[in-house]
Amino acid sequence: MNRRQTIPKHLRYTVEDFNRQFPSDDACLEHLKEQRFPSGIAYCEKCRKQQKHHRVHGRPVWACDVCLNQISPMAGTIFEHSSTSLRLWFYSMYLMASTRCGISAKQIQRETGVTYKTAWRMFRQIRSLLSEPDMQLEGEAVEMDESYFGPKRKRGEKKGRPSAGSSKQCVVGIVERKGRVVAMTSENATKQKLMSIATERILPKSTVFTDEWAGYNDLEKAGYTHKRIPHQEKVYVAGDIHTQTIEGFWALVKSGIRGVYHSVGKNYLQTYLDEYSFRYNRRDKGNLIFNDVLKRACEPLDAPLVAECREMTPSPEVPF
């Protein structure tokens, strides 16, 4: 059957488009340079002012036209000190942005020919760019819910919220209906913790929809309009009162982790949540999400994050 293309033409960015825009490492380096030093104009630390720079033949650096002090567009980014081809970095970002349910480091290893350790390290660094820690949600309908990620329950283990000491990781999510989502790991789902997250992430006077968990009892005291759906009574939708949107996001993340990554350790779960949230928040951009990822990759990182990227160890993600 001949099915119609689901992505509008103006939102498509195919592998042919990628190959046309970035045919070589030099093209990738030139793009990176233009993002950081447009037209080769950059601040020269030796001259202590903006100066025109020119490319040094055979090296990925630019030299000041006056004093010949050299700068690199890769300095301070996730590409610094990496011996991996810059085009492979860009292609990995393209694959990560183009998939809807994620792509494993093992698949990148197969497609690019790098080692699994290199493929995972590239993905870990790319994911470090996708967090949006300052995002605040608002609107007439904001849903909030908590979920638990981890291994399957053992036979005979009680259903419901895991008890203290469980191997499962608590995650709290907030979503605007037909809007953005934010998800974060949490030590627990107590009232104190949930209220702290709500006041930090949800703008005042918003309408918040939750289930009947007691941890949400003080939302009205905090200035929100609070509406509940009684899940324990097997009621899941009552007019406009439901938490189906955030539960749909949980299903998307869990099915992606189960089908693509198979297993994710607690220490790395937040980066995977950031990746799925980043993609979900740009779901109306089609394959142009790649441009947003690339833009972030071209920006210099904070010094602590650069050091963290250099010291990364292999992921608990299970190869397949």
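The values are calculated or read from the model by the stated rules, or taken from the named source; none is laboratory data. Since this is a predicted model, take the numbers as computed values, not measurements. Cβ coordinates were reconstructed from backbone atoms using ideal geometry, including for glycine residues, and neighbour counts include every protein chain displayed.
Of these, Ala198, Ala183, which one is buried (at least 18 other Cβ atoms within 10 Å of the Cβ), over 30 Å from Ala297 (Cβ atoms), modelled with pLDDT of 90 or more and assigned by TED's automatic domain parsing to the domain that holds Ala251?
Among Ala198, Ala183, only Ala198 is buried (at least 18 other Cβ atoms within 10 Å of the Cβ), over 30 Å from Ala297 (Cβ atoms), modelled with pLDDT of 90 or more and assigned by TED's automatic domain parsing to the domain that holds Ala251.
Any residue at all in segment 60-78 that's outside any strand (DSSP E or B) and closer than 17 Å to Asp292 by Cα?
Checked against the condition, which is being outside any strand (DSSP E or B) and closer than 17 Å to Asp292 by Cα, segment 60-78 yields at least one hit.
Run Ser85 past the list (1) out of contact with any strand residue (DSSP E or B) (no Cβ under 6 Å at 6 or more places or on another chain); (2) among the small types (Gly, Ala, Ser); (3) modelled with pLDDT under 90 and report the number of the one that doesn't hold.
For Ser85, the exception is condition (3).
In this structure, does His31 turn out to be surrounded by 15 or more Cβ atoms within 10 Å (Cβ to Cβ) and out of contact with any His (no Cβ under 8 Å at 6 or more places or on another chain)?
Taking the combined requirement at face value, the residue satisfies it.
I need a count of the residues in segment 202-248 that are on the phi > 0 side of the Ramachandran plot and among the charged types (D, E, K, R).
Final tally of qualifying residues: 2.
Filtering segment 69-83 down to residues that are among the hydrophobic types (A, V, I, L, M, F, W, C) and out of contact with any helix residue (DSSP H, G or I) (no Cβ under 8 Å at 6 or more places or on another chain), which residue is farthest from Phe123 (Cα to Cα)?
Restricting to residues being among the hydrophobic types (A, V, I, L, M, F, W, C) and out of contact with any helix residue (DSSP H, G or I) (no Cβ under 8 Å at 6 or more places or on another chain), the top hit is Ile71.
Please go through segment 141-156 and give me each residue that is surrounded by 11 or more Cβ atoms within 10 Å (Cβ to Cβ), in a loop (DSSP other than H, G, I, E, B) and either modelled with pLDDT under 90 or polar (S, T, N, Q) (or both), ordered by number.
Gly150, Arg153 - these are the residues of segment 141-156 that are surrounded by 11 or more Cβ atoms within 10 Å (Cβ to Cβ), in a loop (DSSP other than H, G, I, E, B) and either modelled with pLDDT under 90 or polar (S, T, N, Q) (or both).
If I filter segment 40-55 for residues that are surrounded by 13 or more Cβ atoms within 10 Å (Cβ to Cβ) and among the small types (Gly, Ala, Ser), do I get at least one hit?
yes
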